[in-house]
Amino acid sequence: MVTIRVNEHTKAGKALIETARIMAQKFKGIDILEDDGVLYEKMKVNHQSDILSEPEKEDFLKELKDTAK
């Protein structure tokens, strides 16, 4: 899985999102998930600290799976 953060207010961002939407309609394997700022912030903090306790890891993975559904 790849996460790309796109600024929807720029020309490039709008073009990328529209292209991804068209491709998601035509091809399997591409899903567009709406922005979840809370999940992004957790990912950013976890990337910076690079250390998770086991309960944090389990909670994070559960939330990530729920978001992907």
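The values are calculated or read from the model by the stated rules, or taken from the named source; none is laboratory data. Since the model is a prediction, treat every value here as computed from it, not as a measurement. Here the Cβ is made from the backbone with ideal geometry for all residues, glycine too, and neighbour counts use every protein chain on show.
Worth pointing out:
- Scanning region 47-69 for residues that are part of a helix (DSSP H, G or I), at pLDDT below 75 and not small (Gly, Ala, Ser) yields HIS47, GLN48.
- Taken across region 1-18, residues that are of a type in the set (Lys, Arg) and modelled with pLDDT of 85 or more do occur, with at least one present.
- Tallying residues that are at pLDDT 85 or above and surrounded by 12 or more Cβ atoms within 10 Å (Cβ to Cβ) within region 22-46 yields 2.
- Matching residues in region 1-46 - criterion: being part of a helix (DSSP H, G or I) and within 14 Å of THR67 (Cβ to Cβ): GLY37, VAL38, LEU39, TYR40, GLU41, LYS42, MET43
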